[in-house]
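I have placed the structure first, in the form of structure tokens, so that the comments after it can refer back to it.
The values are calculated or read from the model by the stated rules, or taken from the named source; none is laboratory data. As the structure is a computational prediction, the values presented were derived from the model and not from experiment. Here the Cβ is made from the backbone with ideal geometry for all residues, glycine too, and neighbour counts use every protein chain on show. Surface areas here come from the heavy atoms of the whole protein model, side chains and all, with no ligands, DNA or RNA. Shrake-Rupley method; radii C 1.70, N 1.55, O 1.52, S 1.80 Å.
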Amino acid sequence: MINSKVDLHMHTTASDGSDSPFMAAEKAAACGMDIFAVTDHDTMEGARQLLPGTGFARGRAVRIHAGGRQLSFLPGVEFSSRTDAGLCHILGYCCDPDERQLSAAVRDLVSKRSAKMEIRIENLKKNDGIVLTREEKDWIYSHESPGRPHIALILMKRGLADSVTDAFKRYLNSRHSPVPAGISRIEARQSLEAIQSAGGISSWAHPLGGEGERHISPEEFKAQLKVLMSYGLQSLECYYSRYSEEEIHFLLEEAERHGLLVSGGSDYHGKNKTIVMGQLDSFGQAVDPARLTILQELL
């Protein structure tokens, strides 16, 4: 797989990735990346860890040293969101992590994710007879953004699954462990207003559907896009690791038609997914950073 020199969608141990923020930065440098973002689910803690000493100013990328090189770093977040038109994920780049509205959105999401986690833990007990210990629960909730991969790692440690993917398939998929739709999400309006208030740039992550999700129809996409644009959406993640050439072309046309910026990211999770850092399409073509017009606003 050919790696691009830019990746604006990566997750760390602050949410459900396997690499620490510092390890992700080192890997980005090692694979020749020039620009990268940390966009953990519903928290800016991963991005925050890389900010000290950088002179960060809201709305602008910073320069960091990693692997003996200098890279441009975009501190980010991925908000689990919903509208009346459906579920979505909203990325925010170069936000002030301490801004009041953004902090409130994170607190709301922490509460909602905890409620969802309790349902998953109860489903494990009810459906599979697996009871997590107090120590295991404490470890899950010690994370800023607890999710299914954390349960999966416990199941692997117990010898009940061979991998995170295997744990998902056996115990944590939507059929085996049903959870009410949208229970751990906030309104997209709140996500977008929080990003704007914090001085960031917003982008709709994997707008046709992410890893393991049903890909939505063009009609569903257009209905959701209309709603999100009414709330101030600024960019589309047109380049994405699981999208075909046809899907990327469709999204690029939509971005141009509506005057939206273009973003791109892999959705890298380290060992917790099979996605390669810098993989911005499904067919192995590197993406020129100049195609990601969102960078014109952030660098």
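A few points about this structure:
- Selection status of residue 130, over 19 Å from residue 80 (Cβ atoms), open to solvent by less than 80 Å² (accessible area, probe 1.4 Å) and either in contact (Cβ under 8 Å) with a residue 12 or more places away in the chain or among the aromatic types (Phe, Trp, Tyr) (or both): yes
- Subset of segment 43-79 [closer than 29 Å to residue 114 by Cβ and touching a Gly at 6+ places or on another chain (Cβ under 9 Å)]: 44, 46, 47, 58, 75, 76, 77, 78, 79
- Any hit, segment 248-264, residues being part of a loop (DSSP other than H, G, I, E, B) and open to solvent by 60 Å² or more (accessible area, probe 1.4 Å): yes
- With respect to the conditions (1) among the aliphatic types (A, V, I, L, M); (2) at pLDDT 90 or above; (3) open to solvent by less than 20 Å² (accessible area, probe 1.4 Å), residue 156 lacks only one, and its number is (3).
- When residues in segment 174-195 are screened for being over 28 Å from residue 232 (Cα atoms) and open to solvent by 50 Å² or more (accessible area, probe 1.4 Å), 4 of them pass.
- Filter result (over 11 Å from residue 77 (Cβ atoms) and open to solvent by less than 10 Å² (accessible area, probe 1.4 Å)) within segment 18-47: 19, 21, 24, 25, 28, 29, 33, 36
- Test: residue in segment 84-93 that is under 19 Å from the mean Cα position of the chain (by Cα), surrounded by 19 or more Cβ atoms within 10 Å (Cβ to Cβ), in contact (Cβ under 8 Å) with a residue 60 or more places away in the chain and not in a strand (DSSP E or B): no
- Complete set of residues in segment 205-243 that are aromatic (Phe, Trp, Tyr) and in contact (Cβ under 8 Å) with a residue 40 or more places away in the chain: 231, 239, 240
- Which listed residue, of 144, 136, is open to solvent by less than 40 Å² (accessible area, probe 1.4 Å) and either touching a residue at least 60 places away in the same chain (Cβ under 8 Å) or not in a loop (DSSP other than H, G, I, E, B) (or both): 136
- Put simply, of 50, 74 the only residue that is surrounded by fewer than 24 Cβ atoms within 10 Å (Cβ to Cβ), of a type outside the set (Lys, Arg), at pLDDT 95 or above and on the phi < 0 side of the Ramachandran plot is 50.
- Residues that are within 19 Å of residue 90 (Cβ to Cβ), more than 19 Å from the chain's Cα centre (by Cα) and not polar (S, T, N, Q) within segment 227-264 comprise 227, 229, 231, 232, 254, 255, 258, 259, 260, listed in sequence order.
- Every listed requirement among (1) open to solvent by less than 40 Å² (accessible area, probe 1.4 Å); (2) closer than 20 Å to residue 122 by Cβ; (3) assigned to a loop (DSSP other than H, G, I, E, B) is met by residue 171 save one, (3).
- Extreme residue, farthest from residue 191 (Cα to Cα), among residues of segment 211-232 that are surrounded by fewer than 15 Cβ atoms within 10 Å (Cβ to Cβ) and among the acidic types (Asp, Glu): 219
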